[in-house]
Amino acid sequence: MLGLSTPSGFVRFAKAVSPWLWVASALLIGGGLYFALLVSPADYQQGQTVRIMYIHVPSAWLGMMGYSVMALSSAAALIWKNPLADLVAKASAPVGACFTFLCLATGSLWGKPMWGTWWAWDARLTSMLILLFLYFGYIALQNAFDDPGRGARAAAILALAGFVNVPVIKFSVDWWKTLHQPASLMKMSGPALHPSMLTPLLLMVAGFTCFYVAVLMVRVRSEILAAKIRALRLSEIHSVQAAGVADGVAG
Amino acid sequence: MTRKQRRLYFVVLGMLALGAATALVLTAMKDTLVYFYTPSDLKTRHVAEGRRLRIGGLVEQGSVVRQGDEVHFVVTDLQATLPVVYRGVLPDLFREGQGVVTEGKLDGQGTFRASEVLAKHDENYMPKEVADAIKKSGQWQEEGKKP
C-alpha cells in the first residue's frame, strides 16, 4: 500500500500529507473553538461549565486512540518485525500520554464545580489514570535497556498487555455504577447532545485527531532520522576499528 | 508454519487469554468495583452499622428539609428509599430530583449520616430553552426513569 510500510515510503507520504493535516487541524480547531466558546449555548443545568467538554472529550478520545495506535503498531512490530511499526509505537506514546493527562486535568477542573470533587475513585476515572500509568511504564521500559531493540520488544509486550484497559475505559460507565455519566456521543440511540453543542464537539474531535496524526508524522520522521544517525555512527566506529586493526597489522 | 505465522498466533492467543482473564477478574470483583450502592442494594445485602459506604440515587421530590446547619433529604432509586442527614457544603447541582452520591455511615435508626454529598448528572446536554420546551410539552423524562 503506497510502500507505506517502509521508512522511505513513509517519509515520502508524510511529506505530501503533513501540510494538509496542519491546515486542517488549524481550521477545524479554530472553527471548533469559535463555535464552542462563542456560538454554542450554555447547558440547561451545568451553565457555562459545559464548555470544558469541548476540550475534555477530544482529549479522552485521543488518549485512547494514541494507545490503540501504540498497541497495534507494537503487535505489527512483534509479529512482522516491521522496522517502521516500532517507530510509530514509540512516537505515539508521549503524544497519547499528553492527551490523557489533559483529559484527567480538564476532567478534574470540571468535576469540582459540577460533582463537588476534584477526584473520585470510580471505575471511569481510575481506568483513565491506569492508562496514563501504562503510557509512563511503556516510555520508561523502552529506555531501560542499553540495547534499543530489546527495550522496544519489552515495551511492545507491555503495550499489548495494557491494551485490555482500553475497552474497560470505554465500557466502565455501562458495566459499573460510576460517578461519571454514561457516554453522550457514542450512544446506541444517537448522541445525547443538542445539535448546537454537537457541532462544536465534532469539529474539535476532528481537529484534535488531525493534530495528533500531524504530530505523529513529525515524530516518526525524527525517529527515522535518529535511527539513521545511530546506524551511521555504528558503521563509522566499525570502519575506524577496522582501520585500526589494519594499521596494527601493517605496523 | 512460518515463524511469522507462529508469532501471529502467539500474540492473538495471548491477547485472548489476557482478555478472558481480565473479564473473569472484573466479573468476580463486580460488587467492589461499583462506586456506590443503591438503597435497594442495602435491603438485599447486610451492611454493618458504622461501616463507611457510598449511596447513590435521586433526591426525592419534596424531601429536602433544612434544620439549622443540617440538611435532611431522602435518596431514592424509585424502588427503595433511604433518609440522609448531612452537614456541610452541597454542590451547586444539588436539588430535588437530581442524582447524588453520598458517602457516610448508617446509624442505628436506619438513617444515613453523610460526610460528603456529590452531584451526579446524566449524559444529556441541551440549552435551557430546549429543556424548558420539552418540559412544557410533557415529554420530559426525569433522571433514572428512562425506559
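Values quoted throughout were computed directly from the atomic coordinates according to the rules given, and no laboratory measurement underlies them. Just so it is clear, the structure is predicted and the values come from calculations on it, not from any experiment. All Cβ positions, even for glycine, are placed from backbone atoms using ideal geometry, and neighbour counts span all protein chains on display.
Overview of values
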read-out	value
Convex hull volume per residue for segment A:20-250, taking Cα atoms only, in Å³	148
Sequence-separation-based contact order of segment A:1-136, relative, with Cα cut under 8 Å and 6+ spacing, percent	22
The protein assembly as shown - Rg and Dmax from Cα coordinates, angstrom	26.6, 102
Within a Gaussian network of chain A (alpha carbon springs, distance under 10 Å), most fluctuating of A:Val168, A:Val88, A:Val57	A:Val168
In nm, spacing of pseudo-spin labels at B:Arg3 and B:Glu96 (7 Å Cα→C-beta vector)	7.4
For segment B:38-50, 3J(HN,Hα) per residue [Karplus equation, 6.51 cos²θ - 1.76 cosθ + 1.60, θ = phi - 60°, Hz, x = Gly/Pro]	9, x, 5, 4, 5, 6, 8, 10, 7, 10, 5, 5, x
Point-charge dipole on Cβ atoms (K/R +1, D/E -1) for the protein assembly as shown, about Cα centre, debye to 20	1180
Burial ordering of B:Thr32, B:Thr27, B:Thr38, B:Thr22, fewest other beta-carbon atoms within 10 Å first	B:Thr32, B:Thr27, B:Thr22, B:Thr38
Fewest-first sequence of B:Arg7, A:Arg233 by Cβ atoms within 10 Å of each Cβ	A:Arg233, B:Arg7
Cα-based helix-to-principal-axis angle, B:3-28 vs chain B, degrees rounded to 10	30
GNM top mover of A:Leu225, A:Leu131, A:Leu84 - chain A, alpha-carbon springs below 10 Å	A:Leu225
A:Gln45 long-range amide H proximity, modeled H, under 5 Å	B:Met126
Chain A: most fluctuating residue of A:Ser235, A:Ser18, A:Ser184 per GNM, C-alpha cutoff 10 Å	A:Ser235
Relative contact order [Cα under 8 Å, 6+ residues apart], chain B, whole percent	18
Dipole magnitude of segment A:99-251 about its Cα centre (Cβ charges: Lys, Arg +1; Asp, Glu -1), debye to nearest 20	360
Segment B:89-139, relative contact order in percent, only Cα pairs under 8 angstrom and at least six apart counted	32
Packing-based order for B:49-61, A:193-205, B:8-20, using average beta carbon neighbours within 10 Å, highest first	A:193-205, B:49-61, B:8-20
Kyte-Doolittle mean at least -1.0, axial Cα span of 18 Å or more - DSSP H helices of chain A	A:7-34, A:53-80, A:83-114, A:123-142, A:148-162, A:195-250
